[in-house]
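Asker: For reference, the structure I am asking about is given below.
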Amino acid sequence: GSTLASAVILKDPADLPAHLAGLVSPNPYLTFARALELFHFPVDHPVGIHPLALVAPTAHIGAEVTIGAFSVVGDRASIGDRVTILSNTTVYPEAMIGSDSFVHSQCVVRERCTIGQRVILQNGVVIGSDGFGYAKDSDERWYKIPQTGRVIIEDDVEIGAGTVIDRATLGATIIGRGTKIDNLVQVGHGAVVGEDTLLCAQVGLAGSTQVGNQVILGGQVGAAGHLTIGDRVIATPQTGIPNSVPDDRAISGSPAIDHRAWLRSSAVFAQLPALQKKIRQLRQRVEELEQHSKGG
């Protein structure tokens, strides 16, 4: 081909140009990711607690932990072995962060929330902020409902920059093992997200949304609360989900419909002005024929 690369990673050796070196793999994208690790040298963060960090005497700090400048670890918080917490991060009292997790700068982990092992929090993540819950009083004013629950982030989860996961009113908001969440995602109070699910940028889950395993929600997908999205559902970008979705469905549009039906509908949508004009012409023709028939 026209590539200027010296070598390529590909699935079928028959596709390899004669002048290139190639690495054959059953999963080229995964092999590319692993190859990239050989050439990537992350910034080194020295192990230890920075003298400008503030760690409560009652906090439990594991072995080989890194805590950056101006970070705060509250009373009775627990930090596992080999955890890295960079600068300007706050870990509230009684929060827990599992071993080998990496917390970038300016994150907040609120009280009693639990972070599993090998979790990555990108910059500005907030775990355990109050859920959006209010009740009207007799004067039609909004009365704040105490958000008494917590957030549980299971192992091997990554959460993108600026994402917020609210604590539950009762019980827990849960993010399942291996799930990956993009930047600027909002997960409402009491939501439960399954394992190995992808939530792309600007997804919004209202309170008590149940999301299954291996789900993919594209950018700006919104889900109304108190519904269930089944396993392996795929929702294309900007889908609005007002009702529960069974397993293994692909959906699009707002309100969401079957993806193939949405493709057909969107094709028709572009033709609506011409169709409207045609309908007016046909209606006029019918009226002319009716008048002619009466006159005859």
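The values are calculated or read from the model by the stated rules, or taken from the named source; none is laboratory data. These numbers were taken from a predicted model, which means no experiment stands behind them. Every residue, glycine among them, receives a Cβ derived from its backbone with ideal geometry; neighbour counts consider all protein chains shown. Heavy atoms of the whole protein, side chains included, go into the accessibility calculation; ligands, DNA and RNA do not. Shrake-Rupley method; radii C 1.70, N 1.55, O 1.52, S 1.80 Å.
Asker: How large, in Å, is region 142-242 by the Kirkwood hydrodynamic radius built from its alpha-carbon pairs?
Answerer: Working: mean 1/r = 0.0765 Å⁻¹.
For region 142-242, the Kirkwood estimate is 13.1 Å.
Asker: Right, something else. Beyond 15 Å, what share of the Cα-Cα pairs of region 249-295 remains, rounded to the nearest whole percent? The partial results should precede the final answer.
Answerer: Working: 662 of 1081 pairs.
Distances greater than 15 Å cover 61 percent of the Cα pairs.
Asker: What's the magnitude of the charge dipole for the chain around its Cα centre, counting Lys and Arg as +1 and Asp and Glu as -1 at the beta-carbon? Answer in Debye, nearest 20. Mind showing how you got there, number by number?
Answerer: Numbers: 24 positive and 29 negative charges, 237 e Å.
It comes to approximately 1140 debye.
Asker: Here is a further query. Tell me which lysines have Cα within less than 22 Å of residue 144's Cα, excluding those fewer than 8 residues away on the same chain?
Answerer: The reachable lysines, counting only those whose Cα sits under 22 Å from residue 144, are 136.
Asker: Below 8 Å between Cα atoms, with a sequence gap of 6+, how large is the relative contact order for the chain in percent? Write down the numbers at each step before the final one.
Answerer: On the way: 810 pairs, mean separation 19.8, N = 296.
It rounds to 7 percent for the chain.
Asker: Determine, from the Cβ-Cβ distance of residue 132 and residue 275 and an R0 of 35 Å, the FRET efficiency 1/(1 + (r/R0)^6), rounded to the nearest 0.05.
Answerer: E(calc), rounded to 0.05, equals 0.25.
Asker: So, one more: Restricting to bridges with both residues inside the chain, how much of the DSSP beta-bridge set is antiparallel, in percent to the nearest 5? Present the calculation step by step, with values, prior to reporting the outcome.
Answerer: On the way: 5 of 67 bridges.
Antiparallel bridges: around 5 percent, rounded to the nearest 5.
Asker: Please express the Cα-Cα pair-distance distribution P(r) of region 225-266 as a list of whole percents, one per 10 Å bin, running from 0 to the bin with the greatest distance.
Answerer: 33, 58, 9
Asker: If you don't mind, there's one more thing I want to ask. What distance in nm separates the two pseudo spin-label positions at residue 76 and residue 6, each 7 Å out from Cα along the beta-carbon direction?
Answerer: 5.9
Asker: By how many nm would the segment from residue 294 to residue 39 lengthen if fully extended, with 0.36 nm per residue of separation less the alpha-carbon distance? Show your work: numbers first, answer last.
Answerer: Working: separation 255, 0.36 × 255 = 91.80 nm, distance 8.50 nm.
Extra length available between residue 294 and residue 39 comes to 83.3 nm.
Asker: At 0.692 mPa s and 37 °C, plugging the Kirkwood radius over alpha-carbon pairs of region 33-178 into Stokes-Einstein gives what diffusion coefficient in µm²/s? Write down the numbers at each step before the final one.
Answerer: Numbers: Rh = 16.0 Å.
In µm²/s, the coefficient is 206.
Asker: In whole percent, and with a 1.4 Å probe on the protein chains, what portion of the accessible area of region 101-142 is carbon and sulfur? Walk me through the numbers on the way to the answer.
Answerer: Values: 1040 of 2160 Å².
Ligands and nucleic acids excluded, carbon and sulfur give 48 percent.
Asker: While we're looking at this one, here's another question. Can you compute the FRET efficiency between residue 111 and residue 63 using 1/(1 + (r/R0)^6), with r the Cβ-Cβ distance and R0 = 25 Å? Round to the nearest 0.05. Before the final figure, lay out the partial values.
Answerer: Numbers: r = 25 Å, r/R0 = 0.98.
With R0 = 25 Å, the Cβ-Cβ based efficiency is 0.55.
Asker: Something else about it: At a threshold of 8 angstrom on Cα-Cα distance, excluding pairs fewer than six apart, so keeping six or more, what relative contact order does region 198-268 reach in percent? Show your work: numbers first, answer last.
Answerer: Details: 186 pairs, mean separation 16.3, N = 71.
Worked out over region 198-268, it gives 23 percent.
Asker: Work out the charge dipole of region 165-296 with +1 on the Cβ of Lys and Arg and -1 on the Cβ of Asp and Glu about the Cα centre, then indicate which of 228, 286, 245 is farthest towards its positive end.
Answerer: Of the options given, the answer is 286.
Asker: So which DSSP H runs in the chain come out at 24 Å plus along the axis (Cα) with average Kyte-Doolittle of at least 0.0? Mind showing how you got there, number by number?
Answerer: Values: long enough: 272-295 (34 Å, -1.25).
Helices meeting the criterion: none.
Asker: Further, regarding this structure: If r is the Cβ-Cβ distance from residue 25 to residue 259 and R0 is 35 Å, what FRET efficiency results, to the nearest 0.05? Could the numbers behind the result be given before it?
Answerer: Details: r = 30 Å, r/R0 = 0.85.
Approximately 0.70, to the nearest 0.05.
Asker: Of 16, 170, 275, which has the largest mean-square fluctuation in a 10 Å C-alpha GNM of the chain?
Answerer: Comparing 16, 170, 275 in the GNM, the peak value goes to 16.
Asker: Take each of the peptides 175-185, 247-257, average the number of other beta-carbon atoms within 10 Å over its residues, and list them starting from the highest.
Answerer: Highest to lowest by the protection proxy: 175-185, 247-257.
Asker: So I have [x] 20.1, 69; [y] 23.8, 79; [z] 26.6, 102, and one of them is Rg and Dmax of the Cα atoms in Å calculated from this model. Which one is it?
Answerer: Computed from the coordinates, Rg and Dmax of the Cα atoms in Å corresponds to [z].
Asker: Expressed as a whole number of Å, what is the distance separating the alpha-carbon centroids of region 93-119 and region 1-44?
Answerer: A separation of 35 Å, based on Cα centres.
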